[in-house]
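J.: Structure below; questions to follow.
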Amino acid sequence: MAKLSYARAWARLAEADPDGLAVICGDRSITRGALERRANRQARAYADLGVGPGDFVTLILPNSVDFFAACLATWKLGAVPNPISSRLPAAERDAILERAAPALVVDADFEPDPALSDAPLPDAQPPHERAMASGGSTGLPKLIVALNPAQYDPEAPSAIFKARHAVLVPGPLYHAVPFSAAWQGLFGGALAVVMRRFDAGHCLELIERHAIDRVHFVPTMMLRIWRLPEAERLGRDLSSLSFVMTGGAPCPAWLMRAWIDWLGPDVMHEAFGPSERIGGTFITGREWLAHPGSVGRPSGGARLKIVDPDTGRELPAGQMGEIYMLPAGGRGSTYRYVGARARADHDGFESVGDMGTLDTDGYLFLGDRRSDMILCGGRNVYPAEVEAAIEAHPAVRSSAVIGLPDDDLGQRIHALAETDGSLDSDSLAEALRAHLRDHLVAWKIPRSFEWVDHPLRDEAGKVRRAALREARLG
């Protein structure tokens with residue numbers, strides 16, 4: 001079967017099974033036919049407001065049925081959705097809007113005229129699937145415009161999203177993987193069960209209730225599920241799960257191993273790759289057991305190398321450096337930036353700042369973003385490693401490790417931790433230091449701790465270390 005525009009692919013599904021459920025989100029649901037009709041009406045409303053082929057349409061919507069209607073309506077006009085968080089601070093939101101210069105901004109208050117027709121529209125082919133916003137943590141937001149058109153290829157859907165029955169989307173739809181998981185699942189004929197906000201107990205309930213077979217979790221979600229009371233975690237029937245993937249941030253090895261022991265090595269998988277799609281890696285649970293802590297080998301025909309960030313020299317196996325990638329189609333084949341410039345070497349390989357090492361078999365092990373690395377007493381400290389050790393303590397729900405100025409060490413390691421409140425601050429500090437002595441060499445243990453009562457990672461599992469550092473520097 002030939003590739004179809006997203007609009008045409010959805011119209012065919014709606015025509016074939018108009019009463020089939022498409023999306024469930026909270027207490028709302030919508031059938032394929034109803035979503036098709038609503039998107040047609042909404043597209044006409046957008047067109048009346050000036051949206052045309054190739055235009056950006058910024059969607060400031062939470063996870064909801066409304067999000068799917070707005071996105072589909074955008075594609076039906078040959079336009080490009082630019083989803084952003086509905087909870088962004090005004091300054092960051094405005095900076096993204098300045099970059100995007102959208103033809104229309106859609107928020108939760110948008111309602112199309114009910115008198116508009118919901119009849120099918122002429123087919124349209126958007127030149128870009130999406131334009132995701134990124135980089136807000138650095139204060140320099142940018143758009144990552146996917147160069148692939150909004151087309152669905154029924155012969156080659158990504159294996160990760162090939163759900164048989166239902167895909168669970170626990171993360172925010174303005175992030176790349178939840179967006180792709182939801183839409184590729186839908187186009188493949190599956191039901192998309194979307195969480196408004198992640199809750200560990202409710203997540204397991206949804207898996208059991210809807211017989212979910214595919215889901216992507218960021219490591220923070222995995223940690224919160226693992227920390228549920230054992231009776232609650234083991235009391236749910238998760239036998240429908242055939243494919244669980246983690247990514248989006250380094251997953252602590254102890255946590256991945258725990259999940260493999262729980263659900264099995266044939267269910268668990270891990271992947272790594274930036275939204276720019278310049279390359280990525282993939283590993284199965286069975287491979288992971290042979291290479292614990294790895295995120296896999298290059299996938300999709302991409303090439304990868306580790307480069308010394310100071311000299312630009314390619315590094316051998318076992319040495320930490322900056323990860324450079326080249327997609328199968330060559331440089332410039334997967335994305336373009338709006339508001340930023342790519343970092344490339346003379347061979348066309350690009351980097352988004354992630355650090356890592358390769359083993360002798362070509363498996364990648366992640367470090368941190370180059371900008372987050374802490375130079376303490378002349379030694380490189382990668383915050384993710386320290387955070388993984390901190391979060392292995394049962395009293396810690398989330399953590400963030402940053403470097404603060406120090407006259408003697410250059411930078412001192414400072415840890416912020418969200419705790420469960422079971423210990424007072426003095427007892428927790430003592431217990432945590434004792435715990436860390438069993439997990440880290442002495443010079444990687446934080447010199448100072450700060451306790452907070454709120455999550456340190458967002459819904460996508462990201463931690464804004466730069467913002468945390470700046471706030472503590474005044």
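J.: What number of residues within region 129-150 satisfy the criterion of being at pLDDT below 95 and in a strand (DSSP E or B)?
T.: 3
J.: When the residues of region 299-327 are filtered to those that are out of contact with any strand residue (DSSP E or B) (no Cβ under 8 Å at 6 or more places or on another chain) and on the phi < 0 side of the Ramachandran plot, which remaining residue is surrounded by the most Cβ atoms within 10 Å (Cβ to Cβ)?
T.: First, the residues of region 299-327 that are out of contact with any strand residue (DSSP E or B) (no Cβ under 8 Å at 6 or more places or on another chain): 300-301, 310-312, 316, 327.
From the residues that got through so far, the ones that are on the phi < 0 side of the Ramachandran plot too are 310-311, 316, 327.
Working: ASP310: 8, THR311: 9, PRO316: 11, PRO327: 23.
Here the residue is PRO327.
J.: So, LEU289, is that one more than 19 Å from MET221 (Cβ to Cβ) and either touching a residue at least 24 places away in the same chain (Cβ under 8 Å) or of a type in the set (Phe, Trp, Tyr) (or both) or not? Working first, answer last.
T.: Values: more than 19 Å from MET221 (Cβ to Cβ): yes; either touching a residue at least 24 places away in the same chain (Cβ under 8 Å) or of a type in the set (Phe, Trp, Tyr) (or both): yes.
Yes.
J.: A further question follows. Does ALA460 qualify as being small (Gly, Ala, Ser), open to solvent by less than 70 Å² (accessible area, probe 1.4 Å), touching a residue at least 40 places away in the same chain (Cβ under 8 Å) and in a helix (DSSP H, G or I)?
T.: Numbers: small (Gly, Ala, Ser): yes; open to solvent by less than 70 Å² (accessible area, probe 1.4 Å): yes; touching a residue at least 40 places away in the same chain (Cβ under 8 Å): yes; in a helix (DSSP H, G or I): no.
Against the criterion (small (Gly, Ala, Ser), open to solvent by less than 70 Å² (accessible area, probe 1.4 Å), touching a residue at least 40 places away in the same chain (Cβ under 8 Å) and in a helix (DSSP H, G or I)), ALA460 does not qualify.
J.: Just need a number here: residues in region 198-229 that are surrounded by fewer than 23 Cβ atoms within 10 Å (Cβ to Cβ), of a type in the set (Lys, Arg) and under 21 Å from the mean Cα position of the chain (by Cα).
T.: Looking only at that region, the number is 1.
J.: Is region 47-61 home to any residue that is open to solvent by less than 10 Å² (accessible area, probe 1.4 Å), in contact with a Cys (Cβ under 7 Å, 6 or more places away or on another chain) and in contact (Cβ under 8 Å) with a residue 40 or more places away in the chain?
T.: Checked against the condition, which is being open to solvent by less than 10 Å² (accessible area, probe 1.4 Å), in contact with a Cys (Cβ under 7 Å, 6 or more places away or on another chain) and in contact (Cβ under 8 Å) with a residue 40 or more places away in the chain, region 47-61 yields at least one hit.
J.: While we're on this one: Within region 352-379, how many residues are farther than 15 Å from LEU315 by Cα, of a type in the set (Gly, Ala, Ser) and buried (at least 21 other Cβ atoms within 10 Å of the Cβ)?
T.: 0
J.: Any chance you could count how many residues in region 399-414 are closer than 15 Å to ALA389 by Cβ and either part of a loop (DSSP other than H, G, I, E, B) or touching a helix residue (DSSP H, G or I) at 6+ places or on another chain (Cβ under 6 Å) (or both)?
T.: Count: 3.
J.: Quick one: which strands (runs of 3 or more DSSP E) sit completely within region 220-335 and have at least 3 residues that are of a type outside the set (Val, Ile, Thr)? Reasoning before the result, please.
T.: Working: elements: 243-246, 268-272, 281-284, 303-307, 321-326.
Of the strands (runs of 3 or more DSSP E) lying wholly inside region 220-335, those with at least 3 residues that are of a type outside the set (Val, Ile, Thr) span 268-272, 303-307, 321-326.
J.: Which strands (runs of 3 or more DSSP E) does region 343-391 wholly contain that include 3 or more residues that are under 18 Å from PRO292 (Cα atoms)? Reasoning before the result, please.
T.: Values: elements: 354-358, 364-369, 374-376, 379-381.
Per the criteria, 354-358, 364-369.
J.: Give me the pairs, please: first residue somewhere in region 436-450 and part of a helix (DSSP H, G or I), second residue anywhere and of a type outside the set (A, V, I, L, M) and at pLDDT 90 or above, beta-carbon distance under 9 Å, and either six or more positions apart or on two chains.
T.: Filtered contacts from region 436-450: LEU436/HIS393; LEU436/LYS444; LEU436/PRO446.
J.: Quick one: ASN63 ticks every box in (1) polar (S, T, N, Q); (2) within 24 Å of LEU168 (Cα to Cα); (3) modelled with pLDDT under 95 bar one, so which box is it?
T.: That leaves (3) as the condition not met.
J.: Return the residues of region 167-182 that are part of a strand (DSSP E or B) and touching a residue at least 60 places away in the same chain (Cβ under 8 Å); say none if nothing qualifies. It would help to see each step written out before you state the result.
T.: First, the residues of region 167-182 that are part of a strand (DSSP E or B): 167-169.
Answer for region 167-182, where residues must be part of a strand (DSSP E or B) and touching a residue at least 60 places away in the same chain (Cβ under 8 Å): just VAL169.
J.: What's the number of the condition ARG336 fails, among (1) open to solvent by less than 20 Å² (accessible area, probe 1.4 Å); (2) touching a residue at least 60 places away in the same chain (Cβ under 8 Å); (3) of a type in the set (D, E, K, R)?
T.: (1)
J.: Next question. Counting only residues that are closer than 25 Å to LEU143 by Cα, give me the helices (runs of 4 or more DSSP H) lying completely in region 1-116 with at least 3 of them.
T.: 32-48, 65-76, 90-100
J.: So ARG87 passes all but one of these: (1) under 17 Å from the mean Cα position of the chain (by Cα); (2) charged (D, E, K, R); (3) within 21 Å of GLU276 (Cβ to Cβ). Which condition number does it fail?
T.: Looking at each condition in turn, ARG87 falls short on (3).
J.: Quick one: which of MET256, MET245 is surrounded by 17 or more Cβ atoms within 10 Å (Cβ to Cβ) and under 30 Å from ALA7 (Cβ atoms)?
T.: Details: MET256 fails: under 30 Å from ALA7 (Cβ atoms).
Matching residue, one of MET256, MET245: MET245.
J.: If you scan region 165-185, which residues turn out to be over 18 Å from the mean Cα position of the chain (by Cα) and at pLDDT below 95? Spell out how you get there, then give the answer.
T.: Our first condition is that a residue be over 18 Å from the mean Cα position of the chain (by Cα); within region 165-185, this holds for 165-166.
Matches in region 165-185: HIS165 only.
J.: Same structure again: Given the condition modelled with pLDDT of 95 or more, open to solvent by 20 Å² or more (accessible area, probe 1.4 Å), closer than 30 Å to PRO327 by Cβ and in contact with a Lys or Arg (Cβ under 8 Å, 6 or more places away or on another chain), answer yes or no: does some residue in region 106-123 qualify?
T.: Scanning region 106-123 turns up at least one residue that is modelled with pLDDT of 95 or more, open to solvent by 20 Å² or more (accessible area, probe 1.4 Å), closer than 30 Å to PRO327 by Cβ and in contact with a Lys or Arg (Cβ under 8 Å, 6 or more places away or on another chain).
J.: Given GLU129, GLU92, which one is in contact with a Pro (Cβ under 9 Å, 6 or more places away or on another chain), within 13 Å of GLY339 (Cβ to Cβ) and among the acidic types (Asp, Glu)?
T.: Details: GLU129 fails: within 13 Å of GLY339 (Cβ to Cβ).
On inspection, the qualifying residue turns out to be GLU92.
J.: Kindly provide the set of residues from region 386-437 that are more than 22 Å from PRO229 (Cβ to Cβ), open to solvent by 70 Å² or more (accessible area, probe 1.4 Å) and modelled with pLDDT under 90, ordered by number.
T.: ASP407, ASP408, ASP424, ASP426
The values are calculated or read from the model by the stated rules, or taken from the named source; none is laboratory data. All values derive from a computational prediction rather than experimental measurement. A quick note on method: Cβ atoms are made from the backbone with ideal geometry, for glycine too, and the neighbour counts reach across all protein chains shown. Only protein heavy atoms, including side chains, enter the accessible area calculation; ligands, DNA and RNA are left aside. Shrake-Rupley method; radii C 1.70, N 1.55, O 1.52, S 1.80 Å.
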